[in-house]
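Just below is one structure, and these are the notes that go with it.
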Amino acid sequence: RGRSIKMFRRILICDDQKLSSAMLKQMIYRNGDYIIVEVEDLKEAKNILATNKENGKEFDFIIVSVTFKKEDLFDFLEDVNENEYEAEIAVAGAAGLEDDIINKALSLKVGKFLTKPYKEIEVRNFL
């Protein structure tokens, strides 16, 4: 008899706040089977995305915090677009994000904004 192989969706979390990242990870695991990779800086995130794409293991989702410097955040999102990664992208930040961040993020194909502290219903709806 053949055994079915369970496919785990892959998520990259880019958040420099460890507690916030840990809480997000718990919420994700409560809502399904995922492979989660966490990074604390966007340079590392870029390297992981590139390496995984080369190995045929693209991420399904990317969640990136706005706690990074604005220029670094935009540079990261531009890199994701230029390299045509297939992942759905969410930007996470406090309620009332600045309009320039929202507009720029939308122009860079960000599909969802998540409120920090994370809310499980928002996370579930994104995934």
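The values are calculated or read from the model by the stated rules, or taken from the named source; none is laboratory data. Worth saying up front: this structure is predicted, and the values here are computed from it rather than measured. Quick reminder, even Gly has a Cβ in these numbers, built from the backbone with ideal geometry, and neighbours come from all protein chains shown. Side chains included, ligands, DNA and RNA excluded: accessible areas come from the protein's heavy atoms. Shrake-Rupley method; radii C 1.70, N 1.55, O 1.52, S 1.80 Å.
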With respect to Asp79, is the statement that it is assigned to a helix (DSSP H, G or I), within 20 Å of Asp41 (Cα to Cα) and not aliphatic (A, V, I, L, M) true? yes
Would you say Glu86 is open to solvent by 30 Å² or more (accessible area, probe 1.4 Å) and in a helix (DSSP H, G or I)? no
Whichever residue in region 112-127 is out of contact with any helix residue (DSSP H, G or I) (no Cβ under 8 Å at 6 or more places or on another chain) and without any contact (Cβ under 8 Å) to a residue 60 or more places away in the chain and, among such residues, is surrounded by the fewest Cβ atoms within 10 Å (Cβ to Cβ): Ile121
Pairs where the first residue, in region 55-68, is over 15 Å from Lys109 (Cα atoms) and the second is of a type in the set (Val, Ile, Thr) and open to solvent by less than 10 Å² (accessible area, probe 1.4 Å), C-beta under 7 Å, 6+ apart: Phe59/Ile11; Val66/Val91
Only one of these conditions is not met by Glu40: (1) farther than 24 Å from Arg124 by Cβ; (2) touching a helix residue (DSSP H, G or I) at 6+ places or on another chain (Cβ under 6 Å); (3) charged (D, E, K, R). Which number is it? (2)
I'd like the residue in region 59-76 that is over 17 Å from Tyr118 (Cα atoms) and in contact with a strand residue (DSSP E or B) (Cβ under 6 Å, 6 or more places away or on another chain) and, out of all such residues, is surrounded by the most Cβ atoms within 10 Å (Cβ to Cβ). Phe59
Can you find, within region 98-107, the residue that is modelled with the highest pLDDT among those that are surrounded by fewer than 17 Cβ atoms within 10 Å (Cβ to Cβ) and under 17 Å from the mean Cα position of the chain (by Cα)? Ser107
Selection over region 21-35 where residues are outside any loop (DSSP other than H, G, I, E, B) and either in contact with a helix residue (DSSP H, G or I) (Cβ under 9 Å, 6 or more places away or on another chain) or polar (S, T, N, Q) (or both) yields a count of 7
Exactly one condition in (1) farther than 21 Å from Arg30 by Cα; (2) among the hydrophobic types (A, V, I, L, M, F, W, C); (3) in a helix (DSSP H, G or I) is not met by Val110; state its number. (3)
